[in-house]
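Comments concern the structure below.
The values are calculated or read from the model by the stated rules, or taken from the named source; none is laboratory data. The model shown is predicted, which means the values in this text are computed figures rather than measured ones. Every residue, glycine among them, receives a Cβ derived from its backbone with ideal geometry; neighbour counts consider all protein chains shown.
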Amino acid sequence: MRRPLVLAAAALVALAVAFAFQLGGRSRAAAKVERLPVAAAGERVAPAPPVIADGVVRNVVLLLGDGLGLSQLSTARIHLHGPTGRLALERLPVLGLMTVHPAGGLVPKSDAAATALASGFATTNGRIGSDPAGRPLGSFAKGFHELGGAVGLVTTSRVTDATPAAFAAHVERRGDQAAIAEQLLEARFDLLLGGGRAWFAPVAAGGARADGRDLRAEARAAGYQVVETLAGLDAAGPGPLLGLFAADQLPLSSGEPTLDQMARVALTRLTATGRPFFLLLEEEGLDTAAHQRDLEALAAALARFDAAVEVATEFAAADGATLVVVVGDHGTGALRIDARSTERELVAVWTSDAHLADPVPLFAYGPGSTAFSGLHDNRDVGRALARALGVELAAGAR
Ligand SMILES: [Zn+2]
């Protein structure tokens, strides 16, 4: 009798271990505890931006924090500014929430999430700018550009990564970076800044393109200036600009240019076109840090994102006709503030490093901003952005 009992006990242990792995999220079983100092109460409360009377929207700036959920925001804020401190983005007057579910599931990836924002349609994870059957979906950025608007896509990830790609490209697999790079150039947008140089250069020149094409040379032939350093970015003359500052995504720390540096250049250059503009500013570091379950790095990425929000808000305050919308695409990493926390020490517990299905925070400022108050689906936020720019997205089943 003893042998079957031992076997049964072993089976139970195996089951318990398997269950613990399930609970732990994508890949790790054990929860990770982090202890970080809490900033002194009210250490920094960003000033509220001046009130802008509602009016005509000329420009839209969309700031997207990849992986920015509510628990990411609150833990990072407590570490950076204290529980009663406020980030600049938290001082924007209009606050909403956005649901983020993809087609065919509940937990989104950045590709489906960004496609919903750009097109107003839900799609399945893994697709960019194409519906679950593989048919291309519209993008309000492309529609706006066709109407004569200027468009800039700026990211600390690869310019070919899911979020910027969804505004210009249509592929059935987000990993098809070579095709995305081609389609980004074909869109003829005014400004593309970020990483991902490898997908614009052939293997022979140190890139990743197997087809031998050098898209940097093709971009120059099409009238773009191509820069690869911060100094080059600052020195670039007027006209369309392609900035590729790293082979892959920009490094988490010491990555230059930072999002706020790129935001300043982008706003100046898009204004100089004399046309109304749409500008996407994406910070990738939040998602990367949360996948690594690194709260310090997450807070640093949020601080960099917030600096870009300040740049955009200052521009909008002075301009008066620019709508600023700040949102996450999905939360990344389940993060709990533990009861052992004190007013001086934040004890945070990562229980998962995976994407979340919870609604994400949504902030807005400027003319048209009240449309973003309340609970919205990401498809409807995309449609509201399109409307603000005077673009009609395709109707039909969503
Ligand atoms: Zn992610």
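Screening the range 315-354 for residues that are within 16 Å of the ligand (Cβ to nearest atom) and in a loop (DSSP other than H, G, I, E, B) and picking the one that is surrounded by the most Cβ atoms within 10 Å (Cβ to Cβ) gives 329. Would you check if there is a residue in the range 129-142 being among the polar types (S, T, N, Q), in a helix (DSSP H, G or I), in contact (Cβ under 8 Å) with a residue 40 or more places away in the chain and out of contact with any Cys (no Cβ under 6 Å at 6 or more places or on another chain)? No, the range 129-142 contains no residue that is among the polar types (S, T, N, Q), in a helix (DSSP H, G or I), in contact (Cβ under 8 Å) with a residue 40 or more places away in the chain and out of contact with any Cys (no Cβ under 6 Å at 6 or more places or on another chain). If we keep just the residues of the range 279-304 that are within 11 Å of the ligand (Cβ to nearest atom) and within 29 Å of residue 316 (Cβ to Cβ), which is nearest to the chain's Cα centre (by Cα)? Checked the range 279-304; the qualifying residue nearest to the chain's Cα centre (by Cα) is 284. Annotation note: of 173, 188, the sole residue that is over 20 Å from residue 131 (Cα atoms), assigned by TED's automatic domain parsing to the domain that holds residue 128 and surrounded by fewer than 24 Cβ atoms within 10 Å (Cβ to Cβ) is 188. Flag: residue 239 does not match the condition of being under 18 Å from the mean Cα position of the chain (by Cα), outside any strand (DSSP E or B) and not hydrophobic (A, V, I, L, M, F, W, C). Taking the range 117-136 as the search range and keeping residues that are among the hydrophobic types (A, V, I, L, M, F, W, C) and within 16 Å of the ligand (Cβ to nearest atom), which one is surrounded by the fewest Cβ atoms within 10 Å (Cβ to Cβ)? It comes out as 117.
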